[in-house]
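Undergrad: Below is one structure. I have some questions about it.
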Amino acid sequence: MSVEIDLKGLGVIITASSRGIGFNVARELLKRNARVVISSRSEENLKKALDELSSYGEVYSIRANLFDQHELENLVKESWELLNGVNALVWNAPNVSCEPCLLHEADYIDWIEASALHTVAPGYLTTLLVQTWLEKKHRGVLVYLNSVSIKEPMPPLVLADVTRAGLVQLAKSVSRTYGKRGIRAYSVLLGSFDTPGARENLRAVAESRGEPFEETWEREVLGRTPLHRTGRWDELGSLVAFLLSDEAEYMLGSTVVIDGAMTRGISL
């Protein structure tokens, strides 16, 4: 018998959430009674996402460019006001512009973009939230949606793999430093989920190799797991909801893998 997590009005910011992984996580958390702020730098995508999500629960949208310091600050400030306090952040990020690209194809500006997107932005949002939680003597949870490819690198995603690997360290550091103050963090390593971004990346890989998209999708996605499928949104939603709940408190600082046994190695 499954036990559904009830988040009981938990106030959550979800970044890059107008489509793809962020959007689907937002929907799953709303179904579990969270109150959610979605964000994107696209006003058009935000409006469409807000319309689709509004039937699931209390949801707000804030335009936020993850490369802009002031917009990150505004995201925290406005979210706090809309939700009457922020209890959690679910960090999600879009693709680096040049990816899929191999190391020898990357320019200096591509490395700057990757670092800003996968290291600076989540790090600064964490700083802002931890400062606020400490000031207000408030508990808080941070869930960094990451990729299992930091454990088993995928060459066309080298910029993202290198720069987002630090999210594992960030989650552990936050938990070790502030866990006694009720602030905890987790890194979730995702396998393959069927999103527009994933399909765009794989379509580019297929074109570069001169092969049909379906063949690339079969080999690089479905064929990598014995389940022969992508992850389901309810599976990811249940995992994130659990990590946000008090039931996961003793797991603070953990790195959690949800990849359908896609990676072949083990970590002890």
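The values are calculated or read from the model by the stated rules, or taken from the named source; none is laboratory data. Just so you know, these numbers come straight off a predicted model, no measurement behind them. All Cβ positions, even for glycine, are placed from backbone atoms using ideal geometry, and neighbour counts span all protein chains on display. Just the protein is used for accessible areas: all its heavy atoms, side chains included, with ligands, DNA and RNA removed. Shrake-Rupley method; radii C 1.70, N 1.55, O 1.52, S 1.80 Å.
Undergrad: In region 113-162, which residues are open to solvent by less than 10 Å² (accessible area, probe 1.4 Å) and either part of a loop (DSSP other than H, G, I, E, B) or hydroxyl-bearing (S, T, Y) (or both)?
TA: T126, Y144, S149
Undergrad: I need the full set of residues from region 67-112 which are of a type in the set (V, I, T), assigned to a helix (DSSP H, G or I) and surrounded by 14 or more Cβ atoms within 10 Å (Cβ to Cβ), in order please.
TA: The answer is V76, and nothing else.
Undergrad: Can you name the condition, by its number, that V162 falls short on among (1) touching a helix residue (DSSP H, G or I) at 6+ places or on another chain (Cβ under 7 Å); (2) under 26 Å from H104 (Cβ atoms); (3) modelled with pLDDT of 95 or more?
TA: Condition not satisfied by V162: (1).
Undergrad: In region 212-265, how many are over 29 Å from K172 (Cβ atoms), part of a helix (DSSP H, G or I) and not hydroxyl-bearing (S, T, Y)?
TA: Of the residues in region 212-265, 9 are over 29 Å from K172 (Cβ atoms), part of a helix (DSSP H, G or I) and not hydroxyl-bearing (S, T, Y).
Undergrad: Still on this structure, I have one more. Tell me which residues, restricted to region 163-178, are under 13 Å from T119 (Cα atoms) and assigned to a helix (DSSP H, G or I).
TA: Residues satisfying the conditions are T163, R164, G166, L167, V168, Q169, L170, A171.
Undergrad: So S208 fits all but one of (1) out of contact with any helix residue (DSSP H, G or I) (no Cβ under 9 Å at 6 or more places or on another chain); (2) of a type in the set (S, T, N, Q); (3) surrounded by 16 or more Cβ atoms within 10 Å (Cβ to Cβ); what number is the exception?
TA: The one condition S208 does not meet is (3).
Undergrad: Residues in region 88-129 that are within 30 Å of L10 (Cβ to Cβ) and more than 16 Å from the chain's Cα centre (by Cα): how many?
TA: Total meeting the criteria: 3.
Undergrad: More than 30 Å from H138 (Cβ to Cβ), at pLDDT 95 or above and open to solvent by 70 Å² or more (accessible area, probe 1.4 Å): which single residue out of R232, R203, R224 fits that description?
TA: So the residue among R232, R203, R224 that is more than 30 Å from H138 (Cβ to Cβ), at pLDDT 95 or above and open to solvent by 70 Å² or more (accessible area, probe 1.4 Å) is R232.
Undergrad: Please enumerate the residues belonging to region 26-66 that are touching a residue at least 60 places away in the same chain (Cβ under 8 Å), over 16 Å from A16 (Cα atoms) and open to solvent by 10 Å² or more (accessible area, probe 1.4 Å).
TA: Those that are touching a residue at least 60 places away in the same chain (Cβ under 8 Å), over 16 Å from A16 (Cα atoms) and open to solvent by 10 Å² or more (accessible area, probe 1.4 Å): K31, R32.
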